[in-house]
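Structure first, then comments.
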Amino acid sequence: MKYMGSKRAMLKNGLGETLEGAIDGARRVLDLFTGSAAVAWHVAQRHPVEVVASDLQLYSTTLASAILSRTSPIIDLTWIESWIERASSRLIEESIFRDAQALQSRLGELPIEIASENARALCATAKALPISLSYGGYYLSPLQSIWLDALRQTLPDEDILKSVALASLIQTASRASASPGHTAQPFKANDTAGRFLLEAWRRDVVALAKSSAAEICSKYALRKGQAICGDALQVAELAQPGDLAFLDPPYSGVHYSRFYHVLETVARGSAGAAEGAGRYPPPSERPHSDFSITTKSGRAFDLLLNTLAEKGASAIVTFPAGIASNGLSGEAVKIIAEKHFHIDLEKVSSRFSTLGGNTKNRIARHDTHELILRLSPR
């Protein structure tokens, strides 16, 4: 998945080593800002320890649950083709399906501005298809978006398979999205970004969904865990002595719901009226976090660590070493941590991605440093 500040790369170096050294003897691992679920999946597949993953956004906990809820692989993959067939049957019933196919076949032939206008006009009529209505002609081509709608509407009935299928759709939407990284803004249909829009619109979402579902089926937790959609401060109240909390709090001064609303819509299966250039849902439908508010982020982090310390948990914290746009910095995080815990280990690691860069003002990926702290109760 394309994810801002993903820990997948860090798991191969400093973060992976730190986790290995801290998990032995842990009662549970609490991943309180699970995001793309990279850390939750990593721990659950390698260690016989219960993993509890939480996040404010449903798509994150849906991804986490697809692995944490199972302790064995899914061997029989025939359900995937059955799912695709059900979605295909549903598409035949949609009046815009043929028009979407026709437009898809002409991508590259029509000027991108004209193709974009036609795509948006077509998807504006898709009243019963929430993904298409909100994002078709923007982040997704009409054919891509109506396939995602059909697949979302025909998920398997069995809970375990439904969980895997929905997680695979979230990954597919991320991989197919016509955007620089996260989904804060789609590529524009102009001479500069039009070729990137066209490249993304040509991606086969059915093939992506199939491969993603098969890959997730092969993964499983060594011990069954759970995923909780909720605020980290509230979930931290569930901590107990012997728990290890992994904390990768937001570093952006913009709420993460702005970056991943497309994925959230896929997870929910519904969306409010899309607004603005980024096609954002109404503010009432966007999760908000004190960790992304400059005037509240320090207080929120202090409260979180205080709660975990009082509960007798240990912790691993990762945060950009420099100053982040939410007002915190690696040094500030360290000072707060020292109020509540012993710092047993401090290191700096990783290649970090902004996922929102552009060639004029900032590059999309750059080398930087991320602070890793291993904390133990006083």
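The values are calculated or read from the model by the stated rules, or taken from the named source; none is laboratory data. None of the values given here were measured: they were computed from a predicted structure. FYI the Cβ positions are ideal-geometry reconstructions off the backbone, even for glycines, and counts take in every protein chain you see. Surface accessibility is based on the protein's heavy atoms, side chains included, excluding ligands, DNA and RNA. Shrake-Rupley method; radii C 1.70, N 1.55, O 1.52, S 1.80 Å.
What's the total number of residues in the range 19-43 that are closer than 17 Å to SER376 by Cβ, in contact (Cβ under 8 Å) with a residue 40 or more places away in the chain and out of contact with any strand residue (DSSP E or B) (no Cβ under 7 Å at 6 or more places or on another chain)?
Number satisfying all stated conditions: 3.
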Legend entry - Lone qualifier among SER82, SER145, SER116, SER89 - being hydroxyl-bearing (Ser, Thr, Tyr), in a helix (DSSP H, G or I) and in contact with a helix residue (DSSP H, G or I) (Cβ under 6 Å, 6 or more places away or on another chain): SER145
Legend entry - The listed residue being within 17 Å of TRP41 (Cβ to Cβ), over 23 Å from the mean Cα position of the chain (by Cα) and open to solvent by 40 Å² or more (accessible area, probe 1.4 Å), out of SER72, SER105: SER72
Inset, instruction - Starting from residues that are open to solvent by 10 Å² or more (accessible area, probe 1.4 Å) and assigned to a strand (DSSP E or B), keep the ones in the range 45-69 and report whichever is modelled with the highest pLDDT. - result: GLU50
Inset, instruction - Tell me, yes or no, whether the range 108-125 has at least one residue that is over 21 Å from GLY278 (Cβ atoms), charged (D, E, K, R) and surrounded by 13 or more Cβ atoms within 10 Å (Cβ to Cβ). - result: no
Inset, instruction - Any chance you could count how many residues in the range 292-303 are free of Cβ contacts under 8 Å to residues at least 40 places away in the same chain and of a type in the set (A, V, I, L, M, F, W, C)? - result: 0
Inset, instruction - Mind listing whichever residues of the range 311-335 are hydroxyl-bearing (Ser, Thr, Tyr) and under 19 Å from TYR256 (Cα atoms)? - result: THR318, SER325, SER329
Legend entry - Residue selected from the range 83-100 under the condition exposed (fewer than 12 other Cβ atoms within 10 Å of the Cβ) and not β-branched (Val, Ile, Thr), by the criterion farthest from ASP157 (Cα to Cα): ARG98
Legend entry - Long-range neighbours under 6 Å by Cβ, at least six apart or interchain, first residue among the aliphatic types (A, V, I, L, M) within the range 77-93, second open to solvent by less than 50 Å² (accessible area, probe 1.4 Å) and not in a helix (DSSP H, G or I): ALA87/THR154
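Results for (1) within 23 Å of LEU63 (Cα to Cα); (2) in contact with a Cys (Cβ under 6 Å, 6 or more places away or on another chain); (3) open to solvent by 20 Å² or more (accessible area, probe 1.4 Å); (4) at pLDDT below 90, shown as yes or no for each residue.
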residue	(1), (2), (3), (4)
ALA227	yes, no, yes, no
TYR260	yes, no, no, yes
GLY269	yes, no, yes, no
SER284	no, no, yes, yes
SER297	no, no, no, no
Legend entry - One residue from PRO282, PRO250 being in contact with a strand residue (DSSP E or B) (Cβ under 7 Å, 6 or more places away or on another chain) and within 26 Å of LEU166 (Cβ to Cβ): PRO282
Legend entry - Pairs, first outside any helix (DSSP H, G or I) in the range 266-291, second among the basic types (Lys, Arg) and open to solvent by 20 Å² or more (accessible area, probe 1.4 Å), C-beta under 8 Å, six or more apart: GLY269/ARG152; GLY278/ARG258; TYR280/ARG258; TYR280/ARG286; ARG286/ARG258
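Quick one: which of ARG279, ARG202 is buried (at least 18 other Cβ atoms within 10 Å of the Cβ) and either more than 17 Å from the chain's Cα centre (by Cα) or among the β-branched types (Val, Ile, Thr) (or both)?
That would be ARG279, the only listed residue that is buried (at least 18 other Cβ atoms within 10 Å of the Cβ) and either more than 17 Å from the chain's Cα centre (by Cα) or among the β-branched types (Val, Ile, Thr) (or both).
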Legend entry - Members of the range 253-265 that are in a loop (DSSP other than H, G, I, E, B) and of a type in the set (Asp, Glu): none
